[in-house]
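For reference, the structure is listed below as structure tokens.
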Amino acid sequence: MSPDQFGCFGPIFSVIYRVWSEIGITLRIGLRQWPIFRHPAAMDRFDAHILNALQTNARLTAEALSETVGLSPDACRKRLAKLRASGVIEAEIAVLSPEAVGRGLLLIVEVSLQNERMADIDRFKELMQAAPEVMQCYYVTGAEDFVLILSAKDMADYEAFTRQYFFANENVLKFRTSAVMDRVKTGFALPVEGH
């Protein structure tokens, strides 16, 4: 941009343009820190095929992926490394049968806290993260503060959990429990589309 383009206003527009450019760079860098704006490099259809295949079977080798995706095993390894390093692949886990490990009672629990100060919310999050019975914990909007999915051996085991984590916690206002009758669909698979 040349100041001569705008006559006597050229220097003013030049300064405004530089300031806005700096603000734009700062905003773009700053916004990347927020989870909603943290996007990995655009995924193409090969990345999407790899991710969809891995969500079905995380034990696939690069050789098996190459046949499915249509890339060389080496290219699949490089893409897998990039997807892991960028945080697109958060974990590769084994999904166990609750009945086979003696924890066949699954419960969905909605929890409301008395105080909703950030310190209280963070304390409850830490408590749930440390509880081995809690399979998933979500901090949610709406009438309740948290939704938990947890496993228990039986109702007596769940009662012991409630005594330890809910009744003994002065900040738990109330909780509501639903027992799972049938696991109709479980998993963490997300539909992935490439560009």
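Spatial offset of segment 117-192 relative to segment 57-84 amounts to 36 Å, using the alpha carbon center of each. Placing unit charges on each Cβ (+1 for Lys and Arg, -1 for Asp and Glu) gives segment 45-85 a dipole about its Cα centre, and among Ser72, Gln55, Ala85 the Cα reaching farthest toward its positive end belongs to Ala85.
Packing here is the average count of other Cβ atoms within 10 Å per residue, and on that basis the peptides 130-136, 86-92, 105-111, highest first, run 105-111, 130-136, 86-92.
Residue ranges 96-104, 119-127 sort as 119-127, 96-104 when ordered by packing (mean number of other C-beta atoms within 10 Å per residue, highest first). Spacing of the modelled spin labels on His195 and Ala75, each 7 Å from Cα toward Cβ, amounts to 2.0 nm.
Given +1 at the Cβ of Lys and Arg, -1 at the Cβ of Asp and Glu and no other charges, the dipole of segment 45-85 around its Cα centre is 200 debye to the nearest 20. Per the Debye calculation on segment 105-179 with a single equal scatterer at every Cα and no solvent contribution, log₁₀ I(q)/I(0) for q = 0.12, 0.28 Å⁻¹ amounts to -0.28, -1.64.
Taking 28 Å as the limit for the C-alpha separation, the pairs Lys125/Lys153; Lys153/Lys185; Lys125/Lys174 never exceed it; all remain within the limit.
Any read-out appearing in this document is the output of simple, stated calculations on the displayed coordinates, not a laboratory observation. Remember, predicted model here, so these are calculated numbers, not experimental data. All Cβ positions, glycine included, derive from the backbone under ideal geometry; neighbour counts span all protein chains shown.
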